[in-house]
Amino acid sequence: MKHLLAILLSISIGACSVSVTENNPAPRTTLSASDNLPNQGVSKQRLKRIQPAMQRYIDEGKLAGVMTLVARNGEVVHYSAQGMKDREAGVPLQRDTIFRIYSMTKPITAVAALQLWEQGKFHMNDPIAWYLPELKDLKVYVSGQGDDMVLEDAQSPIRIIDLFTHTAGFSYGFTGSEVDRLYRASPMMQGQASPDSVLSELAKLPLNHQPGTQWHYGVNTDVIGFLVERISGQKLGEYMQENIFGPLKMDDTGFSVSPDKVDRLAQIYTANQQGKTVVMENEPLGNYLSDPVIHNAGGGLVSTMDDYLRFAQTLLNGGEYEGVRILGRKTVEYMGSNHLPSNLVPFAPDASGEGYGLAVSVTVDEGASKFLSSEGNFGWGGAASTYFRIDPKENMIIIGMAQFIPMGTHRYHDDLRNLVYQALVD
């Protein structure tokens, strides 16, 4: 969780930056193979609407570059790389560009844990304290602040399923709540905790609510990462390399970038106080040039478009890709199913029609969703504007890659989602 506070603050306030030449717009650069790709029931003519829509974000100076991909029935039917990997240096996006995927790490961590679940190493209703005893006897926030803060005992233990669904009560520290004030002051969130002390520091913080009673985005997946490490006896990245990245040939995915690949890492951007898109200084989680002491299970991976496509296609295929199986079909179905009770759906005010599975949002009400969609499609995004959805009904994958913090400032992914679905014609 080193420097985790930085990424959280960047999500809420759009952190610091340096100036760029505002009167020198990025060149128009587009790499597209869509015309030569199979259609698989998708109109090539309608897919052509994607590129001008994405280009507007570049021409208006909002995003330096956007990469988009659509796969259906196991075939890539659209691919486009538009704009710059590094706008200031004039380096265009390329198919092998490496992106910080931040919270798109979460579904990968979920898969790592689910592999252990399939082996009978834990059960979903098990209290997490059975495996991570540092997290026993946690307190729950009731009211007040400082020395007058009122806490109560947890009425039930945090179960492992509560971590997968963000209902445990943990937080991330980026709201103005009294609990989040404590998070921001914690050595854990300041990057001052060691691997051996992170969980002990987390245990000092009160839960936002009684376990299992609310959905609250927080360090839940990070805790799952420690669970994987504790059960497997391996550092998280080592476990993922052996059981996910290696088998799936995700050669460019990991918690750091090797020296021979540094030139492929995209520049990261944010907005300055005037709202201009500028290079981000002091990027969250550091520069990715060395292996971090703590592998951030909730947001620490880098990856490429093709690597993440391999991961997404594996899930769409029911856990198998190119003859390699990393999960069972029913496990993937379980992961992509809604696990929230009806009173917690939608899980957030801006997530109409969305329930929540295991580290992924799941569409449960196509009519309530404000986008073209299918019930049962699932996915998530990352803090630097990366995005993916998997639609089992349409046998389709949508992936968008950009590098702008915070996610949601320039909602290209909303356009992308509608533009993909409107192109379906079979």
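For the stretch 253-277, a residue qualifies if it is of a type in the set (Val, Ile, Thr) and surrounded by 20 or more Cβ atoms within 10 Å (Cβ to Cβ), and the qualifying residues are 253, 268, 270, 277. Filtering 298, 275, 286 for residues that are part of a loop (DSSP other than H, G, I, E, B) and touching a helix residue (DSSP H, G or I) at 6+ places or on another chain (Cβ under 7 Å) leaves a single hit, 298.
Can you spot a residue in the stretch 45-53 that is without any contact (Cβ under 8 Å) to a residue 24 or more places away in the chain, of a type in the set (D, E, K, R) and part of a helix (DSSP H, G or I)? No, the stretch 45-53 contains no residue that is without any contact (Cβ under 8 Å) to a residue 24 or more places away in the chain, of a type in the set (D, E, K, R) and part of a helix (DSSP H, G or I).
With respect to residue 362, is the statement that it is surrounded by 23 or more Cβ atoms within 10 Å (Cβ to Cβ), on the phi < 0 side of the Ramachandran plot and assigned to a helix (DSSP H, G or I) true? It is false that residue 362 is surrounded by 23 or more Cβ atoms within 10 Å (Cβ to Cβ), on the phi < 0 side of the Ramachandran plot and assigned to a helix (DSSP H, G or I).
Residue count for the stretch 397-417 satisfying the condition of being over 17 Å from residue 83 (Cα atoms) and part of a strand (DSSP E or B): 2.
What do you reckon, is residue 307 within 19 Å of the chain's Cα centre (by Cα) and acidic (Asp, Glu)? Taking the combined requirement at face value, the residue satisfies it.
Only one of the listed residues (248, 163) is more than 28 Å from residue 125 (Cβ to Cβ), at pLDDT 95 or above and hydrophobic (A, V, I, L, M, F, W, C). That residue is 248.
Residue-by-condition table, conditions (1) outside the structural domain of residue 171 (by TED's automatic domain parsing); (2) modelled with pLDDT of 50 or more; (3) of a type in the set (Val, Ile, Thr); (4) surrounded by fewer than 17 Cβ atoms within 10 Å (Cβ to Cβ):
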site: 3; (1), (2), (3), (4): yes, no, no, no
site: 28; (1), (2), (3), (4): yes, no, no, yes
site: 40; (1), (2), (3), (4): yes, yes, no, no
site: 43; (1), (2), (3), (4): yes, yes, no, yes
site: 79; (1), (2), (3), (4): yes, yes, no, no
site: 82; (1), (2), (3), (4): yes, yes, no, no
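Filtered by the rule that a residue be over 14 Å from residue 378 (Cα atoms), touching a helix residue (DSSP H, G or I) at 6+ places or on another chain (Cβ under 7 Å) and not small (Gly, Ala, Ser), the stretch 328-357 gives a lone residue, 331.
Residue by residue, here is whether (1) crowded, with 23+ Cβ neighbours inside 10 Å; (2) under 16 Å from residue 107 (Cβ atoms) holds:
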{"site": "282", "(1), (2)": "no, no"}
{"site": "289", "(1), (2)": "no, no"}
{"site": "302", "(1), (2)": "yes, yes"}
{"site": "306", "(1), (2)": "no, no"}
{"site": "309", "(1), (2)": "no, yes"}
{"site": "313", "(1), (2)": "no, yes"}
{"site": "317", "(1), (2)": "no, yes"}
{"site": "329", "(1), (2)": "no, no"}
{"site": "333", "(1), (2)": "no, yes"}
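With respect to (1) touching a Gly at 6+ places or on another chain (Cβ under 7 Å); (2) within 28 Å of residue 57 (Cα to Cα), the lone exception for residue 420 is condition (1). Against the criterion of being closer than 30 Å to residue 227 by Cα, surrounded by 24 or more Cβ atoms within 10 Å (Cβ to Cβ) and either of a type outside the set (A, V, I, L, M, F, W, C) or in the same structural domain as residue 287 (by TED's automatic domain parsing) (or both), residue 58 does not qualify.
Would you confirm, using the coordinates I've provided, whether residue 351 is within 29 Å of residue 268 (Cβ to Cβ) and surrounded by fewer than 24 Cβ atoms within 10 Å (Cβ to Cβ)? Considered against the rule, which asks whether it is within 29 Å of residue 268 (Cβ to Cβ) and surrounded by fewer than 24 Cβ atoms within 10 Å (Cβ to Cβ), residue 351 comes out as yes.
Return yes or no: is residue 225 within 30 Å of residue 152 (Cβ to Cβ), in a helix (DSSP H, G or I) and of a type in the set (Gly, Ala, Ser)? Judged against the criteria, residue 225 is a match. The set of residues in the stretch 192-243 being touching a strand residue (DSSP E or B) at 6+ places or on another chain (Cβ under 8 Å) and more than 16 Å from residue 298 (Cβ to Cβ) consists of 206, 207, 208, 209, 210, 211, 212, 241.
The values are calculated or read from the model by the stated rules, or taken from the named source; none is laboratory data. Keep in mind the model is a prediction, meaning the values are calculated, not measured. Every residue, glycine as well, gets a Cβ built from its backbone with ideal geometry; the counts of neighbours run over all protein chains shown.
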